[in-house]
Amino acid sequence: MASVNTSDEDFVAIRPEWTTVDRILACRGVDDEKEYLVKWKELPYDECYWEFETDISAFQPEIERFNKFRSKSSKLASMKQKSSVKDDVELKKQQKEFQQYEHSPEFLSGGTLHPYQLEGLNFLRFSWSKQTHVILADEMGLGKTIQSIAFLASLFEEGVYPHLVVAPLSTLRNWEREFATWAPHMNVVRIMGLNSIVAV
């Protein structure tokens, strides 16, 4: 009879993060049979799985956050369907009009923008209203990421979304963290890696 080799090399530990819900992406089924497509912390999007609500009931805040995003997006979709072409033209014209912020916007929850950051936000909004491409450049550590997030959040507040942020791999976690701090009402998805991940 051969002995079973149970060396440490064969043992693969399951990290606690891998059993923690990072976000919920979709929902299917009704009531008792409801399932959620779950993205687990520190695992890529191609390792998302459908889980029954009862199995992830300990992660109620993530379920509520998903339901909040879903209800907000369905309300916006129904409003867009009801509006006529004329209303769309008027809405687009209104969105392009430059509205300067005199103070840090209330929809930013991470704190208050410094005066130079507020100036950068207004510069981005003005340039966007004029359909001008710009680069935000200054010394490191002065808050270009936060100015950019404030700009995207201001467009989000006006119903202009989705947005795509392309950043170096080394800064992706920082971008995600800053979005969670300054604009937690925005649904941020970090995508990197293979095409199978993008398909999710």
Query - One residue from LEU136, LEU108, LEU155, LEU124 being open to solvent by less than 30 Å² (accessible area, probe 1.4 Å) and part of a loop (DSSP other than H, G, I, E, B) - result: LEU108
Report task. Determine whether region 70-81 contains at least one residue that is outside any loop (DSSP other than H, G, I, E, B) and either in contact with a strand residue (DSSP E or B) (Cβ under 9 Å, 6 or more places away or on another chain) or modelled with pLDDT of 95 or more (or both). Result -> yes
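The values are calculated or read from the model by the stated rules, or taken from the named source; none is laboratory data. The model shown is predicted, which means the values in this text are computed figures rather than measured ones. Reconstructed Cβ throughout: ideal geometry from the backbone, glycine too, with neighbour counts over all protein chains shown. The area values use the complete protein model at the heavy-atom level, side chains included, leaving out ligands, DNA and RNA. Shrake-Rupley method; radii C 1.70, N 1.55, O 1.52, S 1.80 Å.
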